[in-house]
Amino acid sequence: MLTLTDDAVTAVQDIATKADLPEGGGLRIARSPEDANGIVLSLAPEPVDGDQVVDSGPARVFVSPDTAPALDALTLDADLSAQAPAFSLHPTQA
């Protein structure tokens, strides 16, 4: 299952709060409709049926069923040094 760093948790929480998402809303990761190898990040008020839900404290990330296997051994990180966070995926450290 996808894991989140502390910075990613902070970024997801901040973005969800600024977007005024309802409680339980979060960041959704899904395959890009234009690029079969790409992914798209979007804000969602709730998971879509079949989404894998990653609850990490106050942050929630929803991973589409067709994307979840590819992200299984990865960690979502965020660079908080810029005005807007930059997300990246890295292999999960054992």
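Bear in mind that the values in this text are calculations on the coordinates, not laboratory data. Predicted model only: the values in this text are computed from it and were never measured. Note that we place each Cβ from the backbone using ideal geometry, even for glycine, and neighbour counts take in every protein chain shown.
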Gain on full stretching of the segment that runs from Val53 to Leu41 - 0.36 nm per residue minus C-alpha separation: 2.9 nm
Ordering of 29-40, 74-85 by burial proxy (mean other Cβ atoms within 10 Å per residue, highest first): 74-85, 29-40
Derived scalar couplings ³J(HN,Hα) [segment 37-43; Karplus, 6.51 cos²θ - 1.76 cosθ + 1.60; whole Hz; x for Gly, Pro]: 9, x, 10, 10, 9, 8, 8
Dipole in debye (nearest 20) - segment 1-82, about Cα centre, beta carbon charges: Lys, Arg +1; Asp, Glu -1: 60
